[in-house]
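Structure, as structure tokens:
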Amino acid sequence: MQISEVVTKGGLDVKKRMTITEVSEILGVSSKTLARWEKVGKIKKPKRDWRGWRVYEEDDIVQIRQFHEAVFEAA
């Protein structure tokens, strides 16, 4: 993965493009949880790179964090 500049969006400092592992570490959930949420339609499917790896952009991460907070605030 190429290193991109870090941006602040929605209270997060994120690189412009991140892998599922990086996003899962930020949110404190496993990468399998993110993949499961994607599969059942709770979060939108991210773009994929030439290797087929998920590539999350800043807007994707903000959306996932909002979903994560909604789920865990209700619990």
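The values are calculated or read from the model by the stated rules, or taken from the named source; none is laboratory data. On a predicted model such as this, the values are computed, not experimentally measured, just so you know. Positions of Cβ are generated from backbone atoms using ideal geometry, with glycine treated the same way; all protein chains shown enter the neighbour counts.
Candidates in the stretch 1-59 are the residues that are hydrophobic (A, V, I, L, M, F, W, C) and surrounded by fewer than 10 Cβ atoms within 10 Å (Cβ to Cβ); of these, the one that is modelled with the lowest pLDDT is I3. Contact map, the stretch 52-75: first residue in a loop (DSSP other than H, G, I, E, B), second residue modelled with pLDDT of 90 or more and of a type outside the set (A, V, I, L, M), Cβ cut-off under 9 Å, separation 6 or more or different chains; pairs are W53/T19.
Being of a type outside the set (D, E, K, R) and either part of a loop (DSSP other than H, G, I, E, B) or in contact with a Phe, Trp or Tyr (Cβ under 7 Å, 6 or more places away or on another chain) (or both) is the filter here, so list the residues in the stretch 38-51 that pass it. Across the stretch 38-51, the qualifying residues are G41, I43, P46, W50.
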